[in-house]
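Student: The structure that follows is given in the form of structure tokens.
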Amino acid sequence: MAVLDAYNPLQNVSLRFNEDQLKEIGEWFENNAKPQLTSTDGDPIRAITVDKFVSFLNLKKFHRRNFQYPSYAEVMNEVERLKAGALRLLTREQVIYMLNKWVLEPDIKHELCLAFKVFDTEKRGFLEIDELKTIVTSYAEPFSEEETREMLRDANVRGDGNVFYESFVESLFSVAPELYEIKTDYLYEDPNEDPSVPPEPVVVEEPPPVPVPLPIKKPKNKKKQ
């Protein structure tokens, strides 16, 4: 297991952000960082405070399908691992390293079930075996006749001509666990179009209480003497 270099944390790390996301993170860092640390050569190093990093997380720049927003305790655990707990300052590389840990990559089983659901227009939870045959021989990288025959033999588990695709996907991965190693992309490029992601809960703010007017006392008329 590689030892984490707190001062060069991105060494031997595969970044899971795309170029646009890294550019956005870099621009935010440069706009908020100050020369608050010093290198061994005496050169100033730009850094941000932990609180500023937490405020960046609170901006919710990344969709929750693609990113697991950490708790404050989880943030501080990583800060301690980077030996930044005493000064509570983070360099650009440390910021990217921490954010990269919470990126969520596509789950191939989940995305495969989503793909089947696209063809299940009636939302029955299954596809007829002829429908499945058409799908695997007509889309993306078409199966050969032999591959199709082998897959359909395993797919029609119930023998009724219907393929319950979620059970089928489970059986595929139990028989061939090496499938988990396959890297995949999200079926829906726009996470807001992904039907498996529930919408953000709408928080309705209660209106402020209406102030109750105080009763106005009328001045008493003085009796004329």
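Student: Looking only at the range 174-201, count every residue that is without any contact (Cβ under 8 Å) to a residue 12 or more places away in the chain and either farther than 26 Å from residue 110 by Cα or not in a loop (DSSP other than H, G, I, E, B) (or both) and tell me the total.
Tutor: Qualifying residue count for the region: 5.
Student: With 165, 139 as the choices, which residue is surrounded by 13 or more Cβ atoms within 10 Å (Cβ to Cβ), within 30 Å of residue 64 (Cα to Cα) and at pLDDT below 90?
Tutor: Values: 139 fails: surrounded by 13 or more Cβ atoms within 10 Å (Cβ to Cβ).
Exactly one residue qualifies, and that residue is 165.
Student: Continuing with the same structure: Output the residue which, of all residues in the range 14-52 that are within 24 Å of the chain's Cα centre (by Cα) and in a loop (DSSP other than H, G, I, E, B), is farthest from residue 85 (Cα to Cα).
Tutor: Looking at the filtered set, the residue picked out is 18.
Student: Please state which one of 31, 12 is free of Cβ contacts under 8 Å to residues at least 12 places away in the same chain and outside the structural domain of residue 96 (by TED's automatic domain parsing).
Tutor: Just one listed residue meets the conditions, 12.
Student: All but one of (1) closer than 21 Å to residue 102 by Cα; (2) surrounded by 14 or more Cβ atoms within 10 Å (Cβ to Cβ); (3) over 22 Å from the mean Cα position of the chain (by Cα) hold for residue 11; state the number of the condition that does not hold.
Tutor: Of everything listed in (1) closer than 21 Å to residue 102 by Cα; (2) surrounded by 14 or more Cβ atoms within 10 Å (Cβ to Cβ); (3) over 22 Å from the mean Cα position of the chain (by Cα), residue 11 misses just condition (2).
Student: Checking residue 93 against (1) of a type outside the set (S, T, N, Q); (2) under 30 Å from residue 197 (Cα atoms); (3) assigned to a helix (DSSP H, G or I): exactly one of these is not met. Which one?
Tutor: Going through the list (1) of a type outside the set (S, T, N, Q); (2) under 30 Å from residue 197 (Cα atoms); (3) assigned to a helix (DSSP H, G or I), residue 93 breaks only (2).
Residues checked against (1) surrounded by 10 or more Cβ atoms within 10 Å (Cβ to Cβ); (2) modelled with pLDDT of 85 or more:
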{"residue": "158", "(1), (2)": "yes, no"}
{"residue": "169", "(1), (2)": "yes, yes"}
{"residue": "172", "(1), (2)": "yes, no"}
{"residue": "188", "(1), (2)": "yes, yes"}
{"residue": "191", "(1), (2)": "yes, yes"}
{"residue": "194", "(1), (2)": "yes, yes"}
{"residue": "212", "(1), (2)": "no, no"}
{"residue": "220", "(1), (2)": "no, no"}
{"residue": "224", "(1), (2)": "no, no"}
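Student: Going through the range 53-74 one residue at a time, which ones are in a helix (DSSP H, G or I) and surrounded by fewer than 19 Cβ atoms within 10 Å (Cβ to Cβ)? If you could, list the steps in order and put the result at the bottom.
Tutor: To start, the set of residues in the range 53-74 that are in a helix (DSSP H, G or I) comprises 53-58, 72-74.
54, 55, 56, 57, 58, 72, 73, 74, listed by residue number.
Student: Condition test on residue 18, is it surrounded by fewer than 16 Cβ atoms within 10 Å (Cβ to Cβ) and modelled with pLDDT under 90? Quick ask: steps written out before the conclusion?
Tutor: On the way: surrounded by fewer than 16 Cβ atoms within 10 Å (Cβ to Cβ): yes; modelled with pLDDT under 90: yes.
The answer is yes for residue 18.
Student: Separate question: When you look at residue 83, is it free of Cβ contacts under 8 Å to residues at least 40 places away in the same chain, of a type in the set (Lys, Arg) and out of contact with any strand residue (DSSP E or B) (no Cβ under 6 Å at 6 or more places or on another chain), yes or no?
Tutor: Details: free of Cβ contacts under 8 Å to residues at least 40 places away in the same chain: no; of a type in the set (Lys, Arg): yes; out of contact with any strand residue (DSSP E or B) (no Cβ under 6 Å at 6 or more places or on another chain): yes.
Considered against the rule, which asks whether it is free of Cβ contacts under 8 Å to residues at least 40 places away in the same chain, of a type in the set (Lys, Arg) and out of contact with any strand residue (DSSP E or B) (no Cβ under 6 Å at 6 or more places or on another chain), residue 83 comes out as no.
The values are calculated or read from the model by the stated rules, or taken from the named source; none is laboratory data. For clarity, every value in this text was computed on a predicted model and none was experimentally measured. A quick note on method: Cβ atoms are made from the backbone with ideal geometry, for glycine too, and the neighbour counts reach across all protein chains shown.
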